[in-house]
Amino acid sequence: MQYRLDKTLKFCVDLELSRTECGRRKPDKRLLSSILIEFEAVGAAMRYVDRKGRIAWKATPKLLEEISDDEAEAEDDLEEDW
């Protein structure tokens, strides 16, 4: 099964995979599934049907807002250091 993820969600899932997969080359499908289910449970990801009728995943507005807040905080910290 191939997972269709938007760019933002793929980035977040890849980060989570890198934390949990100790150097594996190809991600374990069960681990990937559990990460997506966990993201969905906390409101960071949602499933939808794309234009071709396939199940796909995308980041929720909640996740996008959290990323934006984290980015702004990081920029503020950088400005404080200079």
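The values are calculated or read from the model by the stated rules, or taken from the named source; none is laboratory data. The structure presented is a predicted model; accordingly, all values stated were derived computationally and were not measured. Please note: Cβ atoms are built from the backbone with ideal geometry, for glycine as well, and neighbour counts cover all protein chains shown.
Couple of notes before you dig in:
- Any hit, the range 33-43, residues being small (G, A, S) and modelled with pLDDT under 95: yes
- Condition check for R47: surrounded by 10 or more Cβ atoms within 10 Å (Cβ to Cβ) and either basic (K, R) or touching a Cys at 6+ places or on another chain (Cβ under 8 Å) (or both): yes
- Pick from the range 51-82, criterion in a strand (DSSP E or B) and more than 12 Å from the chain's Cα centre (by Cα), ranking: surrounded by the fewest Cβ atoms within 10 Å (Cβ to Cβ): I55
- Complete set of residues in the range 51-82 that are among the charged types (D, E, K, R) and in contact with a helix residue (DSSP H, G or I) (Cβ under 9 Å, 6 or more places away or on another chain): K58
- Answer residue from the range 29-50, given it is assigned to a loop (DSSP other than H, G, I, E, B) and in contact with a helix residue (DSSP H, G or I) (Cβ under 9 Å, 6 or more places away or on another chain) and is farthest from K62 (Cα to Cα) among those: V42
- For beta carbons closer than 6 Å, sequence separation of 6+ or different chains, a first residue in the range 24-53 that is among the acidic types (D, E) and a second that is surrounded by 11 or more Cβ atoms within 10 Å (Cβ to Cβ), the qualifying pairs are D50/A56.
- Filtered residues of the range 1-10 (kept if in contact with a helix residue (DSSP H, G or I) (Cβ under 9 Å, 6 or more places away or on another chain) and of a type outside the set (S, T, Y)): M1, L5, L9
- Among the residues making up the range 3-28, a single one is modelled with pLDDT under 90, touching a Lys or Arg at 6+ places or on another chain (Cβ under 9 Å) and not in a helix (DSSP H, G or I): Y3.
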